[in-house]
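Peer 1: The structure that follows is given in the form of structure tokens.
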Amino acid sequence: MENQLRKSEMLNVVGELAAGIAHEIRNPMTSLKGFIQLLRSSIDGYEMYFNIIMAELDRIEVIVNEFLVLAKPQAIQYQDYNVVQIMEDTIDLLHAQALMDNIQFEKHFTEPMINCYCEPNQIKQVFINIVKNAIEVMGNGGTIKVSMDETVDDYLRISIHDQGQGIPEEKLHILGQPFYTTKEQGTGLGLMVSYKIMKEHGGRIDVESEIGKGTVFHILLPLKRKEE
Ligand code: ADP
Ligand code: MG
């Protein structure tokens, strides 16, 4: 049944459902956390149990928040925006985490400013998801190469090249499926959200990978506003 649904249709259905459910889960979660804190401060001797409960609630919150990204933001604002700046902001944001893991960034930007018609917050979300994956896959440190160039067919191609263990060929086509994760603490939602956002922008994500060498995620974003 699931196999018969095309991936894009599946993303839409799941996205709408997820956004609705995520909103509904948020309020009771807040209340639960509040009352657990209250209990914790009035009962002695169960600190370990309270810690586990809070950690599990935090984990639910992370998953719900990732789902909420699927909901269209209240004021979705497409605009001409400098995508190089969005990538600079992303790298700034993740710099500390990368340093701790002994990872450096190598930037190959041809221009300081390349504008695309896009929703900057959503594009930043895509960059964060993919750069974070690159960081998480490089256990022994190394270099993440980030490059941007304009393609002949009017896309801006943003490439994120890691030196991780690579992705087996038979797994490449399931990237972006909800809940596909190989990480103990993974949600398997980051790529799904990213694929959806790129599709809405009229772009796409291509992946090339070599086992033992690394992986390149190419994010293709149209340079020109699409006709409506
Ligand atoms: P999560 O990071 O929570 O696992 P994602 O949707 O971000 O979820 O990624 C899904 C899976 O895709 C990861 O668990 C991993 O197996 C694979 N993956 C994503 N990016 C990379 C990468 N740069 N190198 C190797 N595997 C990757
Ligand atoms: Mg991820």
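Peer 1: Can you give me the convex hull volume of the Cα atoms of the stretch 28-148, divided per residue and expressed in Å³?
Peer 2: Convex hull volume per residue, Cα atoms: 138 Å³.
Peer 1: Compute a Gaussian network model of the chain, connecting alpha carbons closer than 10 Å, and tell me which residue from 41, 209, 159 fluctuates the most.
Peer 2: 41
Peer 1: Could you work out the local net charge near residue 133, counting Lys and Arg as +1, Asp and Glu as -1, over the other residues with Cβ closer than 14 Å to its Cβ?
Peer 2: Once positives and negatives cancel, what remains is -1.
Peer 1: Report, for the chain, the % of DSSP beta bridges that are antiparallel, rounded to 5.
Peer 2: Here the share of antiparallel DSSP bridges comes out near 75 percent.
Peer 1: Another question about this same structure. For the stretch 158-215, what is the convex hull (Cα atoms) projected area averaged across all directions, in square nanometres?
Peer 2: The number I arrive at for the stretch 158-215 is 4.2 nm².
Peer 1: Out of the DSSP beta bridges found with both residues in the stretch 88-204, what percent are antiparallel (nearest 5)?
Peer 2: 45
Peer 1: Under a point-charge model restricted to the Cβ atoms of Lys and Arg (+1) and Asp and Glu (-1), what is the dipole moment magnitude of the chain relative to its Cα centre, in debye to the nearest 20?
Peer 2: Magnitude of the dipole: close to 300 debye.
Peer 1: Now, a different point. Divide by every residue of the chain the summed helix terms, -39500 (n - 2.57) for each DSSP H run of at least 4, and state the resulting mean residue ellipticity at 222 nm, rounded to the nearest 500 deg cm²/dmol.
Peer 2: Calculated at 222 nm, the ellipticity per residue is -16000 deg cm²/dmol.
Peer 1: What is the calculated FRET efficiency for residue 107 to residue 172, with r their C-beta to C-beta distance and R₀ = 25 Å, to the nearest 0.05?
Peer 2: Between residue 107 and residue 172 the formula returns 0.45.
Peer 1: For the stretch 122-228, what D do you get in µm² per second when you plug the Kirkwood radius from alpha-carbon pairs into Stokes-Einstein at 25 °C and 0.890 mPa s?
Peer 2: Value of D from the Cα-based Kirkwood radius: 171 µm²/s.
Peer 1: State, as an integer percentage, the relative contact order of the chain based on alpha-carbon contacts under 8 Å between residues 6 or more apart.
Peer 2: RCO, the chain: 18 percent.
Peer 1: With every atom except the alpha carbons ignored, what do you get for Rg and Dmax of the chain, in angstroms?
Peer 2: 19.5, 67
Only the coordinates and a few stated rules stand behind these numbers; no lab work does. Only a predicted model underlies this, so the values are computations on that prediction, with no experimental measurement involved. Using ideal geometry, Cβ is built from the backbone for each residue, glycine included, and neighbour counts are taken over all protein chains shown.
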